[in-house]
Amino acid sequence: MSSVSAAPAALYGGTSGRRVTVRDLAAAKERHEKWPMVTAYDAMTAKVFDEAGIPVLLVGDSAAMVVYGYDSTLPVTVDDLVPLTAAVVRGSSRAMVVADLPFASYQASPQQALETAARFMKEAGAHAVKLEGGHRVLSQVELLVSAGVPVMAHIGLTPQSVNVIGGYRVQGRGQSGDELMADAKALEHAGAFAVVLECVPAELAERVTASLSIPTIGIGAGSGTDAQVLVWQDLMGLTPRPAKFVKKYFDLAGEMERAVRAYADEVVSGAFPAPEHSYH
Ligand code: KIV
């Protein structure tokens, strides 16, 4: 009788009764299995995405814009993001929850990065952190990983550096593609478990993906990365003017407006609440 080994659980939608780990992500890369990541900022939304089988939820510093209403990610603070991260952890049971380290909370020194990461892990229960930058943050990545903090890196368009970059523009064209490749390899060497590639030419992202043994997660980086990430308000159609790389899967803004108008009209006409919505 031949023994049949069980197929590994798929990362997207698989059920395991435990949280997704960095080892699961590494195994998916070996199997050439693509997977989705989305942002989440509250418990109820996190629960929906978790139950849909999304393996990694990112509490992005994009919360600055989509939760707090700022026009860039720069103003958001650790105190702003820790409660959102805690809510996403409470709302999910399978997904790995990654907390974004906000602007000026890790760049000053590896020690500062560790103190900030510790707040997200101790106070919010995050399972990993994400930080932006290549060579300039290698010592931060090394200290975090040696201290037991899994690190997701983020290169290409790094929105926290928008004022240095001079706008939200594609990165890695021409010779700067070599620098981006060098950054990706150095981050892997420093111990990062995955790297986000934001707004880079698809061909470059594909080459980076083939050169690394850790997963790449693309956003505006074409289809050749191991995973994709989108801000949930973008993919659900809540964002008024999304970027070119966004695909709108739903018209949430339109549906919400229709629903709230229907509610308001019924309040005004007296049709709501009906007897079945009242206590007798
Ligand atoms: O803050 C964020 O949401 C992000 C993703 C878009 C990668 O960094």
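Here is how the numbers come out for the structure above:
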{"read-out": "Listing of helices (runs of 4 or more DSSP H) fully contained in the range 158-272 that carry 1 or more residues being away from the ligand (no atom under 14 Å from the Cβ)", "value": "162-165, 176-190, 202-211, 252-269"}
{"read-out": "Qualifying residue in the range 195-202 (condition: surrounded by fewer than 17 Cβ atoms within 10 Å (Cβ to Cβ) and either aromatic (Phe, Trp, Tyr) or touching a residue at least 24 places away in the same chain (Cβ under 8 Å) (or both))", "value": "no"}
{"read-out": "Pairs with Cβ under 8 Å, 6+ apart, first in the range 164-178 and within 19 Å of residue 206 (Cα to Cα), second at pLDDT below 95 and open to solvent by 60 Å² or more (accessible area, probe 1.4 Å)", "value": "none"}
{"read-out": "Hits in the range 120-135 - residues which are more than 16 Å from the ligand (Cβ to nearest atom) and touching a helix residue (DSSP H, G or I) at 6+ places or on another chain (Cβ under 9 Å)", "value": "123, 125, 127, 135"}
{"read-out": "Counted residues, the range 23-48 - those being of a type in the set (A, V, I, L, M, F, W, C) and either within 11 Å of the ligand (Cβ to nearest atom) or within 14 Å of residue 11 (Cβ to Cβ) (or both)", "value": "8"}
{"read-out": "The range 11-25, subset touching a strand residue (DSSP E or B) at 6+ places or on another chain (Cβ under 9 Å) and assigned to a helix (DSSP H, G or I), residue surrounded by the fewest Cβ atoms within 10 Å (Cβ to Cβ)", "value": "22"}
{"read-out": "Residue, nearest to residue 156 (Cα to Cα), within the range 110-133, restricted to residues that are of a type in the set (D, E, K, R) and surrounded by 23 or more Cβ atoms within 10 Å (Cβ to Cβ)", "value": "132"}
{"read-out": "The range 19-34 residues that are under 14 Å from residue 227 (Cα atoms), paired with ones that are surrounded by 15 or more Cβ atoms within 10 Å (Cβ to Cβ) and among the aromatic types (Phe, Trp, Tyr) (beta carbon under 9 Å, 6 or more apart)", "value": "22/193; 25/35; 25/193; 26/193; 28/12; 28/35; 33/12; 34/12"}
{"read-out": "Scope the range 134-154; condition open to solvent by less than 40 Å² (accessible area, probe 1.4 Å) and touching a strand residue (DSSP E or B) at 6+ places or on another chain (Cβ under 7 Å); matching residues", "value": "134, 137, 140, 141, 144, 149, 150, 151, 152, 153, 154"}
{"read-out": "Test result for residue 34, at pLDDT 95 or above, within 29 Å of residue 114 (Cα to Cα) and surrounded by fewer than 22 Cβ atoms within 10 Å (Cβ to Cβ)", "value": "no"}
{"read-out": "Top-ranked residue of the range 65-84 - restricted to ones that are in contact (Cβ under 8 Å) with a residue 60 or more places away in the chain and over 15 Å from residue 106 (Cα atoms), ranked as most open to solvent (accessible area, probe 1.4 Å)", "value": "66"}
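Conditions tested, residue by residue: (1) of a type in the set (Phe, Trp, Tyr); (2) under 30 Å from residue 17 (Cβ atoms); (3) within 15 Å of the ligand (Cβ to nearest atom).
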{"site": "64", "(1), (2), (3)": "no, no, yes"}
{"site": "68", "(1), (2), (3)": "yes, no, yes"}
{"site": "75", "(1), (2), (3)": "no, no, yes"}
{"site": "84", "(1), (2), (3)": "no, yes, yes"}
{"site": "88", "(1), (2), (3)": "no, yes, yes"}
{"site": "94", "(1), (2), (3)": "no, yes, no"}
{"site": "112", "(1), (2), (3)": "no, no, no"}
{"site": "117", "(1), (2), (3)": "no, yes, no"}
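The values are calculated or read from the model by the stated rules, or taken from the named source; none is laboratory data. Note that this is a predicted model, so its numbers are computed, not measured. Every residue, glycine among them, receives a Cβ derived from its backbone with ideal geometry; neighbour counts consider all protein chains shown. Heads up: the accessible areas ignore ligands, DNA and RNA and are worked out on the full protein's heavy atoms, side chains in. Shrake-Rupley method; radii C 1.70, N 1.55, O 1.52, S 1.80 Å.
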